[in-house]
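Working notes, structure below.
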Amino acid sequence: ILRDTLSKRGVRVITGLGKYFRQADKNRNGFLSQAAFKEALKVFHLEMPEEDFESLWLILDDSKSDKVDYGEFTRAIFGEMNEYRKAFVRKAYMKLDLSKTGSVPMVDIRKCYCAK
């Protein structure tokens, strides 16, 4: 149900949810509690019957940690990236990883990217 609703409403809702999740994550650990997640859905008018929410929660919280991260949420909704998109991400990362260490410090990102 949620996947259908999100696919109809588009990218703005997903990016808006992402921004909301980051703001709601007060302790900056990347996770949201069940109550915070439910509130986020309500804010974006994505309410659903309680039994559907419980089913969704079981899927998202497969580790039974009583919390969910935004990455798990987007993978559950959109699935993994296809190989075509993964190839572009890898290519972009290789350009950013100037020192070829496998990690990209902010100073290297600043050399390659202008947010203006």
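Along its first, second and third principal axes, ordered by size, the chain spans 50, 32, 31 Å in Cα coordinates.
Only protein heavy atoms count here; on that basis, with a 1.4 Å probe, Ser63 has an accessible area of about 80 Å². With all protein chains kept in place, the per residue accessible area of the chain amounts to 74 square angstrom at a probe of 1.4 angstrom. Charging the Cβ of each Asp and Glu at -1 and of each Lys and Arg at +1, and nothing else, the dipole of the chain about its Cα centre rounds to 1080 debye.
Accessible area per residue was computed with a 1.4 Å probe on protein heavy atoms; Glu39 scores about 80 Å². For Val43, the solvent-accessible surface computed with a 1.4 Å probe is close to 70 Å², ligands and nucleic acids excluded. Using a cut-off of 21 Å between Cα atoms, the listed pairs Lys42/Lys67; Lys19/Lys91; Lys19/Lys86; Lys67/Lys91 include Lys19/Lys91; Lys19/Lys86; Lys67/Lys91 as exceeding that distance. Looking at region 33-98, the pairs of alpha carbons with a distance over 14 Å make up 67% of the total. Once C-alpha pairs closer than 8 Å and six or more residues apart are averaged by separation and normalised to the residue number of the chain, the relative contact order reads 21 percent.
The values are calculated or read from the model by the stated rules, or taken from the named source; none is laboratory data. In this text the structure is predicted, and so the values were computed from the model without any measurement. All Cβ positions, glycine included, derive from the backbone under ideal geometry; neighbour counts span all protein chains shown. When the accessible area is computed, the model is the full protein with side chains, heavy atoms only, and any ligands, DNA or RNA have been set aside. Shrake-Rupley method; radii C 1.70, N 1.55, O 1.52, S 1.80 Å.
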